[in-house]
Amino acid sequence: MRGKHIILGVTGGIAAYKSAELVRRLVERGAEVQVVMTASAREFIGPTTFQALSGRPVRDSLWDSAAEAAMGHIELARWADVVLVAPASADFLARLTHGRADDLLATLCLATDAPIVVAPAMNRLMWANAATQANVATLRSRGVRLLGPGSGAQACGEVGEGRMLEPQELADHLAMLLVDSGPLSGRKIVITAGPTREAIDPVRFVTNRSSGKMGFAVAQALREADAEVVLISGPVHLPTPPGVRRIDVESAAQMADAVQAELAGTAIFIGTAAVADYRPEVFAEKKIKKTQQRLELALARTPDILAGVAASADRPFVVGFAAETDAVERHAREKLVRKKLDMIAANEVGACKAFDCEDNSLLVLWDNGRAELPHSPKLELARALVRLIIERWQAQGGDAVGEHAGQTR
Ligand code: CTP
């Protein structure tokens, strides 16, 4: 989003307080944000907060001669790379549908050729009302994009559809919309994430502590870079990043099958999943009863999905992950060579390190190079990793020939 110009329209609704957080999320990604408030928005939140967070005076009137002299409303409409209205009230959706130009925000929407994105927020019955739904259908047919609404508890005490999406979600969606076509544009990337579950009997399984957070963050960062992302995930409690195609699996064998089925045309494969290395040798069809003092569970190796992809004929660029408790660099480099990977991202695991944490750090290795990505939130780390992957992939000529990078190596 660096350097992108965003007009954030704030209309009258209790969710307007969340727009302050939204400004922060957009600014921290490098966007320039100009907040435009309607008169009713000012009943919910003051402009000073927005001015402080965006670093720009809020615009709220067509008739403010000083502001118009600095940047007239038509110039402002041209300045925008996108207009995001969040929250978008039922009244604003109606005005937008009818092409009204009765305040600055509505006028800007008429005068801009930038994409218009609205994040509706209103009482569930106002949202469900046939008038609102007809307006929404018209807006959609004209190319206005809708983000949300989500459902849940509402400020009015009711429960249902009509909540504005969370600021982080809105910022993520917008980042995707604003992406310039880059080297990953339209390239298919397959990524595995999360743990696998290896069944012992119908009610028990062997698994591990992986939360899937790192893999989901990498999938999101790839999608932000305009890649076509297929995320093959073990059982996790995480929402699918916007625009990502997700395939849910349970066991290592199912994950291996799903990867095989998706491999054609894949430019880059990234294995972030903590695939169980062993599965119970036999699956007990019926629940195992506690009849013995000791119970031995025989385990058999699961297929190594990553090494399998690296050994395939039309192999894509292959990135592995390594979780190590000691001698991180030595073990990871050994894995890079043994599994014939193009790149490996290693992290130290242990008490509150890497697994199920919000932050992480990575040591990234390739044939004759290394990079340390310092401790940071997983999404930031994922974005840095994606930049490195693109560099190495391009250095190997991955993007040079043909439509399908998978056929170039
Ligand atoms: N991997 C895989 N299929 C497996 C096991 C692992 O695809 N059956 C992938 C993981 O997604 C990850 C990398 O291989 O990218 C991890 O390699 P692995 O050899 O399992 O290393 P560790 O998990 O670090 O464990 P160990 O050191 O015990 O080998």
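Using 28 Å as the Cα-Cα cut-off, could you pick out the over-long pairs in K213/K286; K188/K213; K213/K339; K4/K188? Please report the intermediate quantities before stating the final value.
Numbers: K213/K286 33 Å; K188/K213 21 Å; K213/K339 24 Å; K4/K188 26 Å.
Table pairs above 28 Å Cα-Cα are K213/K286.
Estimated purely from DSSP H runs of n ≥ 4, each contributing -39500 (n - 2.57), the mean residue ellipticity at 222 nm for the chain is -9500 deg cm²/dmol once divided by its residues.
How much length is gained on full extension from S185 to Q168, taking 0.36 nm per residue of separation minus their Cα-Cα distance?
Additional length available on full extension: 3.8 nm.
For R56 and D359, a Förster radius of 35 Å and the Cβ-Cβ distance give a FRET efficiency of 0.65, rounded to the nearest 0.05. Once both labels are positioned 7 Å from their Cα atoms along Cα-to-Cβ, the gap between D91 and E334 label points is 6.9 nm. I need to check one value: relative contact order of region 188-404, counting alpha carbon pairs closer than 8 Å and at least 6 residues apart, in percent. This gives 20 percent for region 188-404.
In terms of the Cα gyration tensor, with a ≥ b ≥ c the square roots of its eigenvalues, is region 249-343 rounded because a/c is under 1.5, prolate because a/b exceeds b/c, or oblate? Since a/c reaches 1.5 but b/c is at least a/b, the shape of region 249-343 is classed as oblate.
Semi-axes of the equivalent ellipsoid of region 188-404: what are they in whole Å, largest first, if each equals the square root of 5 times a C-alpha gyration tensor eigenvalue? If you can, show how the numbers build up before the last one.
Details: eigenvalues 179, 74, 58 Å².
Here the semi-axes work out to 30, 19, 17 Å.
The rule of thumb for compact globular proteins, 2.2 N^0.38 Å, goes into the C-alpha radius of gyration of the chain 1.15 times.
Spacing of the modelled spin labels on D248 and I74, each 7 Å from Cα toward Cβ, amounts to 5.3 nm. In the chain, the DSSP beta bridges split such that about 35 percent are antiparallel, to the nearest 5.
Once the Cβ-Cβ distance of R301 and A134 is raised to the sixth power relative to R0 = 60 Å, the FRET efficiency obtained is 0.55. Here, region 257-296 yields an orientationally averaged convex hull projection of 4.9 nm² when only Cα atoms define the hull. Placing a pseudo-label 7 Å from each Cα along the Cα-to-Cβ vector at R42 and D277 gives an inter-label distance of 6.6 nm. Between R370 and E262, the FRET efficiency from the beta-carbon distance, with R0 = 35 Å, is close to 0.70. Applying 0.36 nm per residue to the separation of K286 and E21 and subtracting their alpha-carbon distance, the gain on full extension is 90.2 nm.
Viscosity 1.002 mPa s, temperature 20 °C: give me the Stokes-Einstein translational D for region 5-178 in µm²/s, with Rh taken as the Kirkwood radius over C-alpha pairs. Mind showing how you got there, number by number?
Working: Rh = 15.9 Å.
So the translational diffusion coefficient is about 135 µm²/s.
Its relative contact order, with pairs defined as Cα atoms under 8 Å and 6+ residues apart, puts the chain at 11 percent. Of the solvent-accessible surface of the chain, computed with a 1.4 Å probe over protein heavy atoms with every protein chain present, carbon and sulfur atoms account for 51 percent.
Order these peptides, 207-215, 224-232, by their mean beta-carbon neighbour count within 10 angstrom, highest first.
Working: 207-215: 21.0, 224-232: 24.0.
The densest-packed peptide leads the list: 224-232, 207-215.
The values are calculated or read from the model by the stated rules, or taken from the named source; none is laboratory data. Quick caveat, the model's predicted, so the values are computed rather than measured. FYI the Cβ positions are ideal-geometry reconstructions off the backbone, even for glycines, and counts take in every protein chain you see. Note: accessible area is taken over every heavy atom of the protein model, side chains too, but ligands, DNA and RNA are not part of it. Shrake-Rupley method; radii C 1.70, N 1.55, O 1.52, S 1.80 Å.
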